[in-house]
Amino acid sequence: MTAYHHIPVMADEVIEYLNPTPGKVFADGTLGGGGHSSLLLERMGGEGMLYGIDRDHAAIAAASERLKNHPNKTIIHGNFHDINALLPEGVLLDGGLIDLGVSSHQLDTPERGFSYHEDAPLDMRMDQSQGITAKDYLNTVAEKDFAQALYAYSDERWATRIAKKLIEMRKEKPLQTTFDLVRVVDAAIPKAVRAKDTGHPARRTFQAVRIVVNEELDPLSRALEHWVVRLKPGGRLCVITFHSIEDRIVKQ
């Protein structure tokens, strides 16, 4: 297993907008390795409370170790979509943080199945204790539904061809590994197109499959509403996004 490392993204901006000071109450909905939370806790000076939430058991373990010297924190295993069930009733926040998407640790741990650069079992679950794996999904999804997911979640222009090729290839042999999925994409996208692509041709397909497996986008709008309701008057919610689809949801 790859050692957990986490360099917080946009750390200065998070601190500026959340303005952590002693006595305030915060929630980090995507705790990861505890990078953002450690910065918040340092400025809280042992007062107030920080709730750290993550669905990944590896992240929970790493953050628990990193934040062990901060008594004013509560670490919770769960999905930030379920904030009302995870936070104690009546708790209101001075600020909240959600860092959307896959973590660098998940990408860098081959056995998790998020990366198209390493051959590994098709998993892609952020919470490996529940839900369907990417293998289960890819070997059962209908052609039409897969094409729609590729288009909706990654703007894949070759969605129809990739979906058709998936069905053809899994009839010969069920998909087992990440390289099996890469081969589906390679077989579907014309060679001349792949040669001109500046990025990996499978990157959009992997993104779409990951979003489906982890149900990242469909509940996001309602989840953000629940987070806003949990804010005190004048409280702030910071959301970090990495692609246009989730960014559009957040802005709306």
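The values are calculated or read from the model by the stated rules, or taken from the named source; none is laboratory data. Since the structure is predicted, the reported quantities are computational estimates derived from the model, not experimental observations. With ideal geometry, Cβ positions are generated from the backbone for all residues, glycine too; neighbour counts draw on all protein chains shown. Only protein heavy atoms, including side chains, enter the accessible area calculation; ligands, DNA and RNA are left aside. Shrake-Rupley method; radii C 1.70, N 1.55, O 1.52, S 1.80 Å.
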### Matching residues in the range 15-44 - criterion: being farther than 23 Å from N79 by Cα and either open to solvent by less than 30 Å² (accessible area, probe 1.4 Å) or modelled with pLDDT under 95 (or both)
P20, M44
### Task
Of all residues in the range 212-227, count the ones that are open to solvent by less than 30 Å² (accessible area, probe 1.4 Å) and under 19 Å from K251 (Cα atoms).
6
### Message
So Q106 ticks every box in (1) open to solvent by less than 50 Å² (accessible area, probe 1.4 Å); (2) in contact with a strand residue (DSSP E or B) (Cβ under 6 Å, 6 or more places away or on another chain); (3) closer than 30 Å to L50 by Cα but one. Which box is left unticked?
### Response
(2)
### Query
From E111, E65, which residue is surrounded by fewer than 20 Cβ atoms within 10 Å (Cβ to Cβ) and either touching a Lys or Arg at 6+ places or on another chain (Cβ under 6 Å) or modelled with pLDDT of 95 or more (or both)?
E65
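Do you know which residues across the range 45-60 are among the acidic types (D, E) and either open to solvent by less than 10 Å² (accessible area, probe 1.4 Å) or over 20 Å from the mean Cα position of the chain (by Cα) (or both)?
To start, the set of residues in the range 45-60 that are among the acidic types (D, E) comprises 47, 54, 56.
Selection gives E47, D56.
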### Task
Would you be able to say whether some residue in the range 71-83 is farther than 19 Å from I132 by Cα, modelled with pLDDT of 95 or more, outside any helix (DSSP H, G or I) and polar (S, T, N, Q)?
yes
### Of the criteria (1) farther than 14 Å from V213 by Cβ; (2) among the hydrophobic types (A, V, I, L, M, F, W, C); (3) without any contact (Cβ under 8 Å) to a residue 24 or more places away in the chain; (4) open to solvent by less than 10 Å² (accessible area, probe 1.4 Å), which one F146 fails
(1)
### Task
Tell me which residues, restricted to the range 110-132, are over 14 Å from V213 (Cα atoms) and part of a loop (DSSP other than H, G, I, E, B).
S115, Y116, H117, E118, D119, A120
### Query
Can you pull out the residues in the range 13-29 that are more than 16 Å from L224 (Cα to Cα), touching a helix residue (DSSP H, G or I) at 6+ places or on another chain (Cβ under 8 Å) and of a type outside the set (D, E, K, R)?
V14, I15, L18, P20, T21, P22, G23
### Task
Would you mention how many residues in the range 160-200 are closer than 17 Å to A134 by Cα and among the aliphatic types (A, V, I, L, M)?
10
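Does the range 216-231 contain at least one residue that is assigned to a strand (DSSP E or B) and not polar (S, T, N, Q)? Walk me through it before giving the result.
Within the range 216-231, the first condition is being assigned to a strand (DSSP E or B), and the residues that meet it are 231.
So of that shortlist, the ones also not polar (S, T, N, Q) come out as 231.
Yes, that holds for at least one residue.
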### Message
Looking at the range 66-93, I want the residues that are at negative phi and among the β-branched types (V, I, T) and have a partner that is part of a helix (DSSP H, G or I) and surrounded by 12 or more Cβ atoms within 10 Å (Cβ to Cβ) with Cβ atoms under 8 Å, at least 6 apart or on another chain. Which pairs are those?
### Response
I75/I60; I75/A63; I75/S64; I76/L86; I83/A223; I83/H226; I83/W227
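Hey, could you check the range 216-252 for residues that are aliphatic (A, V, I, L, M) and in contact with an Asp or Glu (Cβ under 7 Å, 6 or more places away or on another chain) and say which is nearest to L40 (Cα to Cα)? Quick ask: steps written out before the conclusion?
We begin by selecting, within the range 216-252, every residue aliphatic (A, V, I, L, M); these are 217, 220, 223-224, 228-229, 231, 237, 239-240, 245, 249-250.
From what's left, in contact with an Asp or Glu (Cβ under 7 Å, 6 or more places away or on another chain): 217, 220, 240.
Details: L217: 27, L220: 24, I240: 16 Å.
The residue in question is I240.
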### Task
May I ask you to verify whether Y116 is surrounded by 21 or more Cβ atoms within 10 Å (Cβ to Cβ) and of a type in the set (S, T, Y)?
no
### Task
Pick out the one residue from L100, L86 that is at pLDDT below 95 and under 20 Å from the mean Cα position of the chain (by Cα).
L100
### Task
Could you grab the pairs with beta carbons closer than 7 Å, sequence gap of 6+ or different chains, first residue in the range 163-185 and within 17 Å of D123 (Cα to Cα), second one surrounded by fewer than 19 Cβ atoms within 10 Å (Cβ to Cβ) and charged (D, E, K, R)?
T177/D119; T178/E118; T178/D119; F179/D119
